[in-house]
Structure formats: C-alpha cells, structure tokens
Amino acid sequence: MRFIRFIFLTLSLVLVLQAREQVNVNFSNLEIDDFIKLTSKITNKNILINHKVNGTVDFISTTPVYDDELMDILVSVLESKGFTLIQQGSLYEIVRSTDAAQYNAAVIKQGKKLNGSLMVTQVIEVKGENVDIIAAKIRYLISKTAKLMTMKESNTILITDYPKNIETVKQVIKEIDTNNQAVVKIIPIKNAEAKKLQTKLLDISKSLFNDKVAAQEVKIILDDNINGVIVVGNKSNVITLESLIQKLDVESNISNAVQIFDLKNSDAKTVLASLTEIISKQTFTDPSLKPNVSMNEEINAIIAVGEPNIIKGIKYIIDELDKEKYQVYVQAKIIEINKKNAEALGIKYGFAAGDVSASGLYAMSANFGDAGLTTISSGAVSDYLGNIGSGAKSAFALGATIDFLQTNGASKAISDPSILCVNNKESSIYVGKTISILNGSTSNAVSGITNNYKREEVGLTLKIKPRVSSVDKVTLDVETILENVLDDGSSNATGQPVTSKQNVKTQAILRHGESIIIGGLVKMYDLEGKTKVPFLGDIPWLGDWLFSSNTVSNEQDNLVVILTPYVIDKSEKLSQLQRELGVMAKLQKEYNIEVFKKIESEGTVINTANDKENIPLEPVLEESTNRKNIQETKEN
C-alpha cells in the first residue's frame, strides 16, 4: 500500500513540474531588447544576444498565454527584423536568419514531423518527379531567409526553414508528387510483325495517355532480336498496353495481305511497268508499308503484297488498266492502176478523163452511185453502218469503181488484206520478195574469189496504228512503203540489182466504216512491143526488117491503198461484224451487176439525181468533212 502511494506522489510531482503555465502579457511600444529579457525570465531560457536588435514591439492580449508560446512570439518578432533563434544545447543564440544554416540549425531526421518555432534543416525525398521541377513549384512557400538546395543524385530537397513552413512544403510535395515508379516490361510478339505493331501502339498510346504529363508518358521500344517490344512507364499504363498487345498479337489474314490479280485484257508486263512507276513516286512514312508487286507471265497475273488499304488502291488501278481494249478491224485494198489503160477507159466512158489519183477515184465513184437502186438500203449492213460519211451508197459506189477498173484491165489487185489492230498498238502487213545483193568478195589461194551476198526484202509494207477517240471515230497513223526492183542487174555494168523505195506517211481521222484512199506511189517503166504483118512478119531475117516494127512505150502504174476501219468496243462484236461484211460483199456483187449493165448499155454515165438525163457527168469530189489527211511522199 505504501509502494502504491509512493508511485502516485511521484507521478503527481512530474505532472506538476511539466505543466504549462499561463501568464498575462500585455505591453505597448516595448523595446525588443527588453522583450528578449522578459521572455528569458518568464520561460527560464538562456538567450545569448550577439546582435543589437533595434525596434519596438506591441502585444495586445485579452487572455493569458502559455509561457512556451512567448518563445514563438519572440521568434516571430526577430524574424521581422531579419534575425532568429538557434538552440545550442541549453543556450539560445540570436543570429541573422540568412546565417541560420551556418550556426548548426538542428537537423531533423527525414520523414519526421516537425514542431516548434526554431529554424531546422530536413531532407525531403521526391519519388515520382524531377526534383528540380518540384523545387521550382514549391519555392514560393518557403520564408524569405530560408535555404533550399536540390540534389539530383538522390532526387531530394535539402531545406532550412521554420518547421511550419517545412511541413507545408512536405504536404504540397506529397500532393503533387505522382510517385511515378516506372516499370519495364518486355513483351515478345508471337504472330504479328513487331514493327507494324509498334507503330499502332504508338498511335494508340497518344490517344490513351497525355504525353505532356510526365507521369503518363510511356515509351515503346522495338526489339528486333526477340521480335517484340519493350514498354517503359508507370505500372498501370504498362498493364493497359500489355493487355492491348495480347489482343492485337493475332495471326494476320494472309488473303488480305497478298492478292493475285488475273489479267483478262492486258499484258502483265505492261501493267507491272505502270504499277512500278506509280509506286516508285509515292512517299511512305514507314518504308515497310511500301507494297511489293511482281508478275507471273505463265498465268498473265499481277501479284501484290502489302497493307490491305494499299492493296485496295492497287486493285483499283489494275481494274482500270485491265479494261477491255478497243480494237479496230481494218480492211485494206492494195490495187495497181495503169495510167494508160485507165485514161483509155475514161475516154471511152467519160469517167473524169481516167484520173487515177485519190481524188480522181472519188470523182469516178460518183458516176457509179445510183439512188434508184434499192439493194443497198436493205439488210443488216445498212443498219450497222448507218449514215456515216457519204453513207452506204458511197461505199458501194467506190467498190464498184475499183471492180470496174479491174474488169476492164485498167487495174489489178495486189493484195486484199484485213488486219485486226489493238488500240494504240501498231500492226503491219508485208507483201513482197527477198533478193540477193552482192556486198563484197574475198579471195584466197585455195578457193579463189568468194562473193558475199546479203538478202534484202523488196515489196509493200503497210503499218497501221489506230487511236480510238469514241465508238464511231478513230485516228489512223498509216505508213506505206513500196520497194521495187528497177533493174535486176542485166542492164548495168555493175551487175547489181537497182531498187527504188517510196514512202507515204498519213494520219487520217475517220468514222466507223468510212474509207480513205492513199495515193502517190507511182511506178514508171518502159514497155517494149513488136508489131508485124501476119505470116510475112514471121519470115526469118527478112520479116524482121521489112514486115515488123519494134516500139517502146513509157508506162506508169499508180499504187493505191484503200483503208476502211471498223471500231469494235467489245470482242463479241467481231463475229457480228464479219457476218455483216459478208452480207456487204454479196450486196456489192449485186450492185456491180446492175450498175455495170447501165453503164455499158448506155455508154455514158447516168445521173439519176438530175432527172435521169443522159448527159456526161462532171467529176464530183466527195470527201468527209471529218477527214484529216497528211501525206508525205519519199522516192529513192
């Protein structure tokens, strides 16, 4: 019982000794030095005054204050004058506030809560942000005489200030410090291509996270060695991207990345050249996105490998390039007209005096047109040709003219070729022979002299290149080359053949079914003839001298090429055209029979358009207003 009583008395004494005492303080215009002395006496503290602190202080109190609060009041008064208190054991020393850190201000352990009124030094750790950035943001919270220093090595702040200010700074740092502990995650890519996936993730991360906020910044690094990506950022963001990668890392649909385009109307080599040129001029932000295109000649196909969106663009280009091409079916008539026989025929029938030029044939064909003949207005050909140029009657009249000249020995057909041309592609026809020409000789002791010959082609070459501008209009680039043997070598000292070459280049704009005549290819030669008296001229030697005579006449042949194009926009129309041209050929024969009968029976040309009067006709030139004919003639 006595022991318990002893313990109780001891505790009571301790509590009494530690109890805070209240004092009534109220003063006005008190010198600061006197206030220091008053505080020292009331608080029973030893205060060393090394500096004269001038000024007075006023304190108005309506209630008592605790004795230890006088120390806080004193520190506040000294701070206003640029001074502060530093505790040195049991002694308190007045120093300048700016020098407090040099007087061994108390260093408080990191993380410990501060109290009191004296300046102290403490280290504050910054975890998630750059320490310099944090220091710049909280610097305005410290007192004017405080000291603040940053240490980048440990990302900490060293501050000497009053405890209340330091606690405020610590609280603010705690609020703005994101505690952004970056984590590193290595994620292998199993199915997708790592580089392409990285590009997608970078775009997605810009939408999910604000890269202007350091705490939200995420780095996505490509690692080719493992075909994967390395993600660096705060844990939550890394987890978000990892989940997204698992969803995107799927096996790609190869049918969308690789396309094989079978070409139906175009050549794979030509299409590939166009695609390669287009792709080479494109700029890709990522070189890996550039598509690869190649061809397979065996199946005439284009193979494209790339991103699905890019493949769609390539498909559109291929579809346009692989459209069915226009074709032009060209009927050609190559005829040779003898000038002398044509003139004789013209005089006999009054046909433009036998003019065999291009315009002369048009003029002569006007004499063969008969509106009274209804044959040409029937059948599918008339419907197919329509009213083109001078119409179907004009076409039949020209055909009748050529047949009439040939029937009467004034012309002969060299060739009647037909050629099917693809739009913008050159086609050619060659009719001729090959001759040998001596181009040198060699000699040796064994075999003697050896002659060397070269083979030269001599004949007619016709080159046609069409350009279709619409379903019923086409531009023809025509080149005609005529080569002849003037002398086989028997009439000259060299013994070598003598050849000639004539070249005509023409560009003509024609409508479907309209004809153009190309002239200007002339061949001149001497024709030897012999006349004799019957029976007497056959007497040896005497008949040749007395009853026979030899003549040499100058002959001139005109080579005329007649071209008639037919535009075909679809391949199935070719068979239809062939059938209708067959009908046209049949009707041409019927037309010729009727016209020839009238011309031969009457002896003059019948012009049914002039009240059917039996009068000779003047040559009429019928040419289409749409015809453009540029001819160049070269003669070697």
Of Lys433/Lys454; Lys147/Lys212; Lys219/Lys312; Lys333/Lys454; Lys281/Lys473; Lys174/Lys235, which pairs sit farther than 24 Å apart, going by alpha carbon to alpha carbon?
Lys147/Lys212; Lys219/Lys312; Lys333/Lys454; Lys281/Lys473
In debye to the nearest 20, how big a dipole does region 120-192 give about its Cα centre with +1 on each Lys and Arg Cβ and -1 on each Asp and Glu Cβ?
120 debye
Counting other C-beta atoms within 10 Å, and keeping those with at most 14, which DSSP coil chymotrypsin sites (Phe, Trp or Tyr not before Pro) do you find in region 236-331?
Phe284
Taking the Cα centre as origin and putting +1 on Lys and Arg beta-carbons and -1 on Asp and Glu beta-carbons, what dipole magnitude results for region 38-141, to the nearest 20 debye?
180 debye
Go ahead and collect, in residue order, the members of region 128-169 whose backbone nitrogen is under 18 Å from a label point 7 Å along the Cα-Cβ direction of Thr98.
142-149, 160-162
Cross-link reach from Lys41 to lysines, straight Cα distance under 25 Å and at least 8 residues apart if same chain, gives Lys52, Lys81
Spelling out what I want: for every residue of region 414-425, take phi, set θ = phi - 60°, compute 6.51 cos²θ - 1.76 cosθ + 1.60 (Karplus), and round to whole Hz; glycine and proline get x.
7, 6, 10, x, 10, 9, 9, 10, 8, 3, 6, 10
Could you tell me which of Ile134, Ile73, Phe83 has its Cα farthest along the dipole of region 55-158 towards the positive end, charges placed at Cβ (Lys, Arg +1; Asp, Glu -1), taken about the Cα centre?
Ile134
Non-local amide H neighbours of Ile189 (under 5 Å, H modeled in plane, Pro and chain starts lacking H): which ones?
Gly228, Val229
Keeping every protein chain present and rolling a 1.4 Å probe, give me the accessible area per residue for region 230-332 in Å².
61 Å²
With a 1.4 Å probe and every protein chain left in place, tell me how much accessible area Ile186 has, in Å² to the nearest 10.
100 Å²
For region 102-235, what's the relative contact order in percent, using C-alpha pairs closer than 8 Å and at least 6 residues apart?
22 percent
With θ set to phi - 60°, apply the Karplus curve 6.51 cos²θ - 1.76 cosθ + 1.60 along region 332-337 and write out the HN-Hα couplings as whole Hz, x wherever there is a Gly or Pro.
10, 10, 10, 10, 10, 10
At most 10 other Cβ atoms within 10 Å and a DSSP loop assignment: could you name the trypsin sites (Lys or Arg not before Pro) in region 88-172 that fit?
Lys109, Lys112, Lys113, Lys144, Lys152
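The values are calculated or read from the model by the stated rules, or taken from the named source; none is laboratory data. A quick note: this is a predicted structure, and the numbers were derived from the prediction, not measured. Backbone-built Cβ (ideal geometry, glycine too); neighbour counts: all protein chains shown. What goes into the accessible areas is simple: the full protein's heavy atoms, side chains included, and nothing from ligands, DNA or RNA. Shrake-Rupley method; radii C 1.70, N 1.55, O 1.52, S 1.80 Å.
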